[in-house]
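Down below is the structure, laid out as structure tokens.
The values are calculated or read from the model by the stated rules, or taken from the named source; none is laboratory data. Please read these numbers as outputs of a predicted model, since none were measured by experiment. Neighbour counts are summed over all protein chains in view; Cβ atoms, including those assigned to glycine, are modelled from backbone coordinates with ideal geometry.
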Amino acid sequence: MSASRSPIPVVVLTGFLGSGKTTLLNHLLRRNGGNRIGVVVNDFGAIEIDAMTVAGQVGSTISLGNGCLCCAVDASELDAYLEKLTSPAARIDVIVVEASGLAEPEELVRMVLASENPRIVYGGLAEVVDAVEFDATRSRHPGIDRHLALADLVVLNKTDRAPAADVARVREAIAGIAPGTPVVETAYGRIDPGLLLDPAVRPEREEKIRQLSFEDLHADAYDAEHGHEAHLHAAYDSVSAVSRTPLHPRRLMAFLDTRPAGLYRIKGWTDFGAADPHHRYAVHAVGRFLRFHPEPWPPGEERLTQLVLIGSGVDADALREEVAACALSGLPGDVPDERSMWGVLRYVHRDADEREETAEPGEPDGHGLGDD
Ligand SMILES: Nc1nc2c(ncn2[C@@H]2O[C@H](COP(=O)(O)OP(=O)(O)OP(=O)(O)O)[C@@H](O)[C@H]2O)c(=O)[nH]1
């Protein structure tokens, strides 16, 4: 199994014509919080490159001054570009693929799940919905229900243009189509970037004292110019859970198997103590998708479990208690052995060669869509 750096999440962004995908992408690129984002679109027109500092262009790839990269490709080139964006030299932290014009969202999700690129991991399907046009779009394109049912996160956009009662009604309709899927209301795609990017679990960044960068100034100037409120409302809860006692793999799996649907993402590392003393396990969950990635403990690193759980409408205290209850009690019978790890190991992504040698039929893929 690979013990390199944690894989790079690939987020699929979808939504009907004019719902606000481009606006959302631009917002993320401006508010990247120090993350380097790789964006894949099928034409540059979609990202208003002019509005950003362009550091250079080579063929169909544009590098922005803030370290982000934008590629304009068609679906047949997607794999090659994912390869390029995940090369260590690109130092990309998250990749966003805008579905429109590339392929149907289901198709893209399948491509990401089936990819043999060991450096990527599925980062979720985010569906942008136009709060004003929802009913009209739905009657013209019944397919929207299918997309919503597949989405891991729904961004209910253009709420500035819809009366509160209409927004509430659309929310209710979405809840009927995609029960439990987190819905974030916003205007101009201004979701809190923390929903998709994760500064909180990047220790090397946490240690740095964050200074006001050019990018912040640029974002604020943009906000002022466009009359948007500079402050982003947190439409979700971010709960951090730390345990200095190793977790019991079976109890953690029981918690993960029954996690509330409103819990959109889980990131962090787990210490399973004697059940695998050599590795810490990076956890990556988005929507119904779950993956573990074992990495050797960095020398001198304190052995602890650190998880960040992000969701909307979740009970922070209850979540912290549930994680705490996964810790080993120290009682004589509460000792995990190697077999206790089986549940966890089913969600470890093995490299292609290794997988061919040991593949078993009916292995779970961690997502309702299947891996092939
Ligand atoms: N009032 C209002 N306008 C918005 C909002 N979000 C986007 N717009 C506007 O809606 C139009 C379409 O937004 P885009 O971001 O281009 O939408 P898109 O989904 O990328 O569109 P396509 O690429 O054509 O599918 C633009 O004129 C945006 O400025 C919003 O929340 N409120």
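Among residues of the stretch 300-318 that are assigned by TED's automatic domain parsing to the domain that holds Thr245 and within 19 Å of Gly194 (Cβ to Cβ), those with a Cβ under 7 angstrom from a residue that is among the basic types (Lys, Arg) and not in a loop (DSSP other than H, G, I, E, B), sequence gap 6+ or separate chain, pair up as Val308/Lys267; Ile310/Arg265.
Considering Ser100, Ser139, Ser115, which residue is assigned by TED's automatic domain parsing to the domain that holds Lys21 and closer than 20 Å to Ile191 by Cβ? From the options Ser100, Ser139, Ser115, the qualifying one is Ser100. None of Ser87, Ser76 is among the polar types (S, T, N, Q), assigned by TED's automatic domain parsing to the domain that holds Thr61 and closer than 22 Å to Leu197 by Cα except Ser87.
Given the structure, is Leu82 more than 14 Å from the ligand (Cβ to nearest atom), modelled with pLDDT of 90 or more and touching an Asp or Glu at 6+ places or on another chain (Cβ under 6 Å)? Against the criterion (more than 14 Å from the ligand (Cβ to nearest atom), modelled with pLDDT of 90 or more and touching an Asp or Glu at 6+ places or on another chain (Cβ under 6 Å)), Leu82 does not qualify.
Report yes if Lys21 is modelled with pLDDT of 90 or more, of a type in the set (Lys, Arg) and either surrounded by 20 or more Cβ atoms within 10 Å (Cβ to Cβ) or not assigned by TED's automatic domain parsing to the domain that holds His147 (or both), otherwise no. Yes: the conditions hold for Lys21. All told, Thr186 meets the bar of being within 16 Å of the ligand (Cβ to nearest atom), surrounded by 21 or more Cβ atoms within 10 Å (Cβ to Cβ) and of a type in the set (S, T, N, Q). Taken together, Val54, Val41, Val58 contain a single residue that is outside the structural domain of Gly268 (by TED's automatic domain parsing) and crowded, with 21+ Cβ neighbours inside 10 Å, which is Val41. Filtering the stretch 135-155 to residues that are in contact (Cβ under 8 Å) with a residue 40 or more places away in the chain and assigned to a helix (DSSP H, G or I) leaves Thr137, Ile144, Arg146, His147, Leu150.
Filtering the stretch 61-94 to residues that are part of a loop (DSSP other than H, G, I, E, B), surrounded by fewer than 17 Cβ atoms within 10 Å (Cβ to Cβ) and of a type in the set (Ser, Thr, Tyr) leaves only Ser87.
Would you mind stating whether Ile92 is more than 16 Å from the ligand (Cβ to nearest atom), outside the structural domain of Phe292 (by TED's automatic domain parsing) and within 16 Å of the chain's Cα centre (by Cα)? So Ile92 fits the description; yes.
The conditions are (1) loosely packed, with under 13 Cβ neighbours inside 10 Å; (2) within 16 Å of the ligand (Cβ to nearest atom), and Gly176 fails exactly one of them. Which is it? Result: Gly176 fails condition (2) only.
The residue list Leu290, Leu307 contains one member that is among the aliphatic types (A, V, I, L, M), in a strand (DSSP E or B) and under 22 Å from Ala178 (Cβ atoms), which is Leu290.
Would a scan of the stretch 15-37 turn up a residue that is hydroxyl-bearing (Ser, Thr, Tyr) and more than 16 Å from the ligand (Cβ to nearest atom)? No, the stretch 15-37 contains no residue that is hydroxyl-bearing (Ser, Thr, Tyr) and more than 16 Å from the ligand (Cβ to nearest atom). Taking the stretch 139-159 as the range and being of a type in the set (Val, Ile, Thr) and touching a Leu at 6+ places or on another chain (Cβ under 8 Å) as the test, the residues that pass are Val154, Val155.
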